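Below is one structure; the comments refer to it alone.
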Amino acid sequence: MLKHHITTSIRDLFRNKFFAIINILGLSIGMGVCLAIFQYIYFELSYDQFHTNFENTYRVTLTMFKDGEESSQAKTALALGAAGKEEIPEIERFVRIHPQYFGAVITNPEQNKIFQEEEENVLFVDSVFLEVFNFSLRQGDPEKVLDDKYSIVITEEMAEKYFGRNIDPIGKILKVEGWVHKDFIVTGVLNSLPANSHLKFNFLIPMASLIETGEYRNGIWGRTNFFTYITVNKNADLEAIESKLKAMVDTHFGKSLAAYNQKWYINLQAVSDVHLRSSHLLRDLPSNGSIKQVKIFSLIGAFILIIAWVNFINLSTSRSMERAKGVGIRKAMGAFQKQLVYQFLIESLLINFIAAILSIIVAFPVLFVLSGITGEELTFIIFSCPVFWIGFTIVIAAGSILSGFYPAFVLSSFKSANTHWTNVTKQVSNITLRKSLVVFQFLISALLISGTYLVYKQITFMKNKDLGVDMEQILVVRGPSIVPDFESLLSRLNVFKSECLSSASVLTVTGSGTIPSRGHLALTGIRKIGELLKDNQETGITYIDFDFFETYKFTFLAGRPFDPHVISDREGVVINEEAVKVFAFGSPENALQQQLIIGKDTVNVLGVLKNYNWSSLRDAYAPSIFLPGERARKYFSFKINLSNIPQSIEHIQSAYIATFPGNPFDFFFLDDEFNSQYQADLRFGKMFSAFCLIAMFIACLGLFALVSFSTTLRIKEIGIRKILGARMRNLMLLLSKEYLILIVIANLLAIPMIAFGARYWLASYAFKVQVGFDLFIIPLIVLLLISIFTVGYRIYVTAKTNPVDSLRAE
């Protein structure tokens, strides 16, 4: 019988090619998209699991309590790792990492190749870095390449960039100008870093060279600028280690913390969790992922597959009348219902099996598009995993049986005596599960449409919000890292600015220690005069020259900007509204001439700025201050005339090269740089909308199945109504009313889900759009339009049918 069932199923597929194609198309697209989503999720969850000892490697994070407020950050003290290794037996190794903040200029003296490297490209690390993290070396011994404090390890991409192809870089010199100013010998070349590593870098420099500068000392606890990783014994108790680390901090640094009214708690974060579970941590490495997004895409993948299976159910039941007589004849010839159920389940398995094979073909272009959106080179590595194939087979088999059981039960339940048109129509039309499944499709579609609309509404809001800082027409040039004569730096800066302003296309120019989107130069404890150390408030500090406020068009609520001709202004500061609130000055006017203590210095408040967004709108307003620093040179910001941008850049470049020889000229536009912070949100929006469109396409197939079913049932009714004088618009309204009701029901059910989902996703943004009625109305409008176009043609064709053809048999 098995052979007979398979043969019969194949014949039925060829006999009804249209329905077979729609069934297989919907299922193959749904399965293919799910495969691509699953590969993306697998990739996201696989971060840092290529390290041999990843299960016992942890990043140390710091949770600080002060005045009842809690904050967690990824960085810890320099001394913590070494002290932990010495005092806690369960800790086997430790590694500290310090990024090269504000980047470095790296030069190949032999070929005079000079490049400005971003801060995340250059890392200072302990000598055991490549023993803890198993990044593969093309050349060099991982246990020795970082032993010498003047050694440097580079990636193969950097080897080609600085030395060219087919040239062995081992033993050659690279000059680094940044936190350190030294010549380093290349001792190792890394293969391309795995894409699923949360550590992204191009250069590794021994930590000893940084400590040697005197900026940091090995035993220092107060400077929390280091990422610390530890490896522990396999059976170690993590809670016990955290308690010991807390006790160790109290022993070494407890008195200092008490003076500042602070408490530190140490936590251990599995290295495999760093990529997806670090959104709550401040001062972290860039480009972390989000477990929230992984969960959302997991749900979308499941919904798409379920929608495809729902379509299969609807398409199968819509053909019930066509197959009813065949069922009746088989029963009359002695077939049992159980045998008929087997027949239809085998047919379901066959269709799902064909769709599963085609889904693998569909999955590759979907993954290619997904790779373009995410910027990662995604490949189907899951295909090499035997567990995947077992799971894939189980899911397809289970889905085939579950989606095929209902149609099989319906089709096999017809009685041979009742298989004429009227009785079949009555039996099939009384089934409500079919409509419930279509409501489910509309519900999921409403959620996806609403989600897509919300994502782009939030992104548009962030891009268009008044930041309190004028970024239009701002060209930013990186300041020089190589300064031959530091004593003459001020005169060089003045010459550079004067030369740039000699062009009519350059309106203003200013120097600063940092710029919007790049964070503050430093975070330090500041308090009002007369208060104790424990009252210090962590505040962002930025050094600027005297033209900064004019260039960026900050709004002053009280006071004034710095005046270069007033000597006392050099001991003044300008603060923002949030600082007024934090330091309890009462109002901007009351803050003027108040005094603050920064370290050992006392400064006067000269002005108060309206709150501004210095970084992403994910972050709330933070207290910050500006200090005058004539040698502020990390960045130069130019307000330029956009009528001739190439000429302006060429003029600035000529002045820069002449004033700061040996430094690479690197520039960007500030608004582009600021908006680049939202690339992760844009990628999420593109992926979300792409999957939404796919789900909508599959759902449209379900709509077509339902309209085909219902119009076939009512074709005689339509004929009679036409004979009695019904017009086309009346018939269109009559046949469409059913779908309009289903759409309204689905949208009503979706309202609480949309509200909850919107608040869940927006929770991570300090500045966000309001959840308004448009979030619920837009899906309804879109679904109505899609439904009209999807079912309109089928209804129109049916309504145009000659009533003589539909009533001839009567």
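Of the residues screened, residue 582 is not one that is modelled with pLDDT of 95 or more and under 25 Å from residue 617 (Cβ atoms).
Restricting segment 95-134 to residues that are touching a residue at least 24 places away in the same chain (Cβ under 8 Å) and among the acidic types (Asp, Glu) leaves a set whose member that is nearest to residue 481 (Cα to Cα) is 117. Of the residues making up segment 463-501, just one is free of Cβ contacts under 8 Å to residues at least 12 places away in the same chain and either of a type in the set (A, V, I, L, M) or in contact with a His (Cβ under 8 Å, 6 or more places away or on another chain) (or both), namely 501.
Count of segment 54-85 residues, restricted to those that are out of contact with any Ser or Thr (no Cβ under 6 Å at 6 or more places or on another chain), under 16 Å from residue 236 (Cβ atoms) and either surrounded by fewer than 17 Cβ atoms within 10 Å (Cβ to Cβ) or aliphatic (A, V, I, L, M) (or both), is 2. For segment 312-323, the criterion of a residue being of a type outside the set (S, T, N, Q), in contact with a Gly (Cβ under 9 Å, 6 or more places away or on another chain) and at pLDDT 75 or above is satisfied by at least one position. Name the residues in segment 633-662 that are in contact with a strand residue (DSSP E or B) (Cβ under 6 Å, 6 or more places away or on another chain) and open to solvent by 10 Å² or more (accessible area, probe 1.4 Å), would you? Of everything in segment 633-662, those that are in contact with a strand residue (DSSP E or B) (Cβ under 6 Å, 6 or more places away or on another chain) and open to solvent by 10 Å² or more (accessible area, probe 1.4 Å) turn out to be 633, 639. When 727, 683, 714 are checked against the criterion of being open to solvent by 60 Å² or more (accessible area, probe 1.4 Å) and under 30 Å from residue 460 (Cα atoms), 683 stands alone in meeting it. Per the listing 106, 22, the residue uniquely modelled with pLDDT of 90 or more and either surrounded by 15 or more Cβ atoms within 10 Å (Cβ to Cβ) or touching a Pro at 6+ places or on another chain (Cβ under 8 Å) (or both) is 106. When 708, 736, 764 are checked against the criterion of being out of contact with any Pro (no Cβ under 9 Å at 6 or more places or on another chain), at pLDDT below 85, of a type outside the set (Val, Ile, Thr) and within 30 Å of residue 619 (Cβ to Cβ), 764 stands alone in meeting it. The numbered conditions (1) open to solvent by 30 Å² or more (accessible area, probe 1.4 Å); (2) in contact with a helix residue (DSSP H, G or I) (Cβ under 7 Å, 6 or more places away or on another chain); (3) on the phi > 0 side of the Ramachandran plot are all true for residue 553 except (2). Residues in segment 720-768 that are assigned to a loop (DSSP other than H, G, I, E, B) and of a type in the set (Lys, Arg): 727, 768. Residues in segment 331-361 that are at pLDDT 85 or above and open to solvent by 40 Å² or more (accessible area, probe 1.4 Å): 353, 354, 357, 358, 360, 361.
Among the residues of segment 262-306, the ones that are open to solvent by 30 Å² or more (accessible area, probe 1.4 Å) and aromatic (Phe, Trp, Tyr) come to 2 in all.
Here segment 199-234 is the region considered, the condition is being of a type in the set (Phe, Trp, Tyr) and in a loop (DSSP other than H, G, I, E, B), and the residue that is farthest from residue 275 (Cα to Cα) is 216.
Residues in segment 113-127 that are hydrophobic (A, V, I, L, M, F, W, C) and crowded, with 19+ Cβ neighbours inside 10 Å: 122, 123, 124, 125. Filtered by the rule that a residue be out of contact with any helix residue (DSSP H, G or I) (no Cβ under 7 Å at 6 or more places or on another chain), among the small types (Gly, Ala, Ser) and in a helix (DSSP H, G or I), segment 649-684 gives 654, 658, 676, 680. Do we find that residue 700 is part of a helix (DSSP H, G or I), of a type outside the set (D, E, K, R) and either under 21 Å from the mean Cα position of the chain (by Cα) or closer than 30 Å to residue 288 by Cβ (or both) in this structure? No: the conditions fail for residue 700.
A search for C-beta distances below 7 Å between a residue of segment 6-30 that is closer than 13 Å to residue 701 by Cβ and any residue that is among the hydroxyl-bearing types (Ser, Thr, Tyr) and open to solvent by less than 70 Å² (accessible area, probe 1.4 Å), counting only pairs 6+ apart in sequence or on different chains, returns 28/359.
Surrounded by fewer than 17 Cβ atoms within 10 Å (Cβ to Cβ), at pLDDT 95 or above and in a strand (DSSP E or B) - does that describe any residue in segment 185-198? Checked against the condition, which is being surrounded by fewer than 17 Cβ atoms within 10 Å (Cβ to Cβ), at pLDDT 95 or above and in a strand (DSSP E or B), segment 185-198 yields at least one hit. For segment 128-160: of the residues being loosely packed, with under 15 Cβ neighbours inside 10 Å and of a type in the set (Lys, Arg), which is farthest from residue 114 (Cα to Cα)? For segment 128-160, the residue satisfying everything is 144.
The values are calculated or read from the model by the stated rules, or taken from the named source; none is laboratory data. Computed from a prediction, not measured in an experiment: that's the story for all the values here. Note that we place each Cβ from the backbone using ideal geometry, even for glycine, and neighbour counts take in every protein chain shown. Just so you know, the surface numbers come from the protein's heavy atoms only, side chains and all, with ligands and any DNA or RNA stripped out. Shrake-Rupley method; radii C 1.70, N 1.55, O 1.52, S 1.80 Å.
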